[in-house]
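The values are calculated or read from the model by the stated rules, or taken from the named source; none is laboratory data. For clarity, every value in this text was computed on a predicted model and none was experimentally measured. For neighbour counting, all protein chains shown are included, and Cβ atoms are generated from backbone atoms with ideal geometry for every residue, glycine included.
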Amino acid sequence: MSRHLVDPELAAMLDVFPGIVLDTETIGAMREQMRGMAQPRENYARANVTIEERTVPGPDGAPDVPVTIYRPTDATGKLPVLLHLHGGGYVLGAAEGSGAGNTRTADELKCLVVSVDYRLAPETQAPAAAEDAHAVLAWLNKEAANLGIDTDRIAVGGESAGGGLAASTALLARDKGLYKLCFQLLIYPMLDDRTAANGAKNPHVGDYIWQHEHNVFAWGAYLGTAPGSDNVSPYAAAARATDLSGLPPAYIAVGALDLFLEEDMDYAARLAHAGVPTELHVYPGAYHGFEFNVDSDVAKRAEADRRRALGRAFAG
C-alpha cells in the first residue's frame with residue numbers, strides 16, 4: 001500500500017471516506033447516496049450566477065438530454081462556454097454533484113457552463129454518453145444567438161469518467177466535422193479500458209477511492225463487454241483512438257497515486273506527438289478524486305491551475 005506517499009492533508013480524508021463496493025446490486029443505492037451527498041444549492045449559490053435546469057434535443061431516436069446551465073449575470077458580450085461532463089465511472093453521478101465548482105467557474109471566468117446529465121451504464125451503453133454530449137454541443141451552436149454565446153469559444157471538460165467522456169466527445173466532434181471545440185479540459189480522465197483488463201503497471205497507484213475492481217466493473221458495464229476486448233470504439237474509450245491529430249488543445253491533470261496515472265500521461269504524450277498543444281499536471285501525493293478535499297492545498301492549486309488554463313483558452 002502507498003499510504004506513506006499520500007499528501008498528509010489528503011490522508012485525513014481516507015480515514016472517513018467510505019469504501020466503495022461497486023456492482024449491479026449496489027448501483028441504485030449508490031446513486032441515491034450520491035444525490036444525498038450533493039451540496040444544497042443554497043450552499044454555493046452566488047448572487048451574480050443564475051442556475052437553470054432544462055432539457056435539450058437528444059441524438060436521433062434517443063431521449064432529450066437534461067442539462068444544468070450556469071450563467072454569470074454580470075458578464076457582457078458573447079460568452080464562452082464550458083460543456084461540462086460529470087464523473088462517476090460512467091455508472092454513477094449527476095450534473096448536480098458538480099454544482100459548486102461549476103458556479104465558481106461561471107462566476108470567475110464569466111462563461112456559460114452547461115453541465116450534461118448524460119445517460120448512464122449499465123442501462124445505456126457506449127457510445128450513447130458521447131452522443132448525448134455531442135447533441136448538447138449541436139444545441140449550443142444552433143441556439144447560440146438566443147443563448148448569447150460565442151461558438152468559437154466552446155470548450156469541453158470533465159472529471160474522471162467525465163474527463164474520458166470529454167476526450168471522446170472531442171474525437172466525435174472532430175470526426176463528424178459539424179461543430180468546433182476550442183479546448184478539452186481533462187481532469188484525471190478515465191480514458192482506457194485496457195487498464196482494467198491488464199491492471200496498472202505502477203505498484204503505487206490505485207490503492208484509494210477508485211480501485212482496480214471498480215474499474216473492471218465500470219468499464220464492463222459501460223462497454224457491454226469485457227474491458228480490453230477487440231474493436232472498442234474511441235467514442236467509448238478515447239485512448240483507443242489511433243489518430244489524435246486535429247484535436248483541440250488539451251489540459252490533463254492527474255494525481256501521482258491515481259489508477260489512471262499511466263493512461264493519462266500516455267494520452268498526453270500521444271496528443272503532443274500528434275501536434276496537439278498539451279499541458280500535463282501530475283500532483284504528488286494525490287489519489288483519484290482528491291479534489292473532493294476542497295480545503296487541501298493540492299486541491300486548491302489544482303483548481304486554480306485548470307481555471308487559468310481554461311481562461312487562457314477562452315482568451316484565444
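The table below lists the values:
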item	result
Qualifying positions in segment 89-126 - assigned to a loop (DSSP other than H, G, I, E, B), touching a residue at least 24 places away in the same chain (Cβ under 8 Å) and surrounded by fewer than 21 Cβ atoms within 10 Å (Cβ to Cβ)	ALA94, LYS110, ASP117, ARG119, PRO122, GLN125
Residue within segment 304-312 that is at pLDDT 95 or above and under 24 Å from LEU22 (Cα atoms) present	no
Unique residue being among the aliphatic types (A, V, I, L, M), within 22 Å of ALA128 (Cα to Cα) and in contact (Cβ under 8 Å) with a residue 60 or more places away in the chain when the list is LEU5, LEU82, LEU14	LEU82
ASP132 more than 18 Å from TRP219 (Cα to Cα), of a type in the set (Asp, Glu), modelled with pLDDT of 95 or more and part of a helix (DSSP H, G or I)	yes
Residue selected from segment 203-241 under the condition β-branched (Val, Ile, Thr) and either out of contact with any helix residue (DSSP H, G or I) (no Cβ under 6 Å at 6 or more places or on another chain) or within 26 Å of ARG3 (Cβ to Cβ) (or both), by the criterion modelled with the lowest pLDDT	ILE209
Qualifying residue in segment 291-298 (condition: at pLDDT 95 or above, surrounded by fewer than 21 Cβ atoms within 10 Å (Cβ to Cβ) and out of contact with any helix residue (DSSP H, G or I) (no Cβ under 9 Å at 6 or more places or on another chain))	no
Residues located in segment 52-67, provided they are loosely packed, with under 12 Cβ neighbours inside 10 Å and acidic (Asp, Glu)	GLU52, ASP60
Within segment 17-33, considering residues that are free of Cβ contacts under 8 Å to residues at least 40 places away in the same chain and in a loop (DSSP other than H, G, I, E, B), the one surrounded by the fewest Cβ atoms within 10 Å (Cβ to Cβ)	PRO18
Of all residues in segment 34-61 being outside any strand (DSSP E or B) and in contact with a strand residue (DSSP E or B) (Cβ under 9 Å, 6 or more places away or on another chain), the one that is farthest from GLY158 (Cα to Cα)	ASN48
Residue within segment 238-251 that is small (Gly, Ala, Ser) and part of a helix (DSSP H, G or I) present	yes
Helices (runs of 4 or more DSSP H) wholly inside segment 144-224 that include at least 1 residues being among the β-branched types (Val, Ile, Thr)	161-176, 194-198, 212-223
Any hit, segment 280-291, residues being within 30 Å of GLY77 (Cβ to Cβ), in a loop (DSSP other than H, G, I, E, B), within 16 Å of the chain's Cα centre (by Cα) and not charged (D, E, K, R)	no
Any hit, segment 258-265, residues being at pLDDT 95 or above, touching a helix residue (DSSP H, G or I) at 6+ places or on another chain (Cβ under 7 Å) and surrounded by fewer than 23 Cβ atoms within 10 Å (Cβ to Cβ)	no
Contacts under 6 angstrom Cβ, first residue in segment 269-280 being without any contact (Cβ under 8 Å) to a residue 60 or more places away in the chain and surrounded by 14 or more Cβ atoms within 10 Å (Cβ to Cβ), partner assigned to a loop (DSSP other than H, G, I, E, B) and hydroxyl-bearing (Ser, Thr, Tyr), 6 or more apart	ALA274/SER245
Residues of segment 198-250 satisfying the condition of being β-branched (Val, Ile, Thr) and surrounded by 19 or more Cβ atoms within 10 Å (Cβ to Cβ)	VAL205, ILE209, VAL216, VAL232
Residue in segment 62-71 that is among the aromatic types (Phe, Trp, Tyr) and more than 23 Å from ASP152 (Cα to Cα) present	no
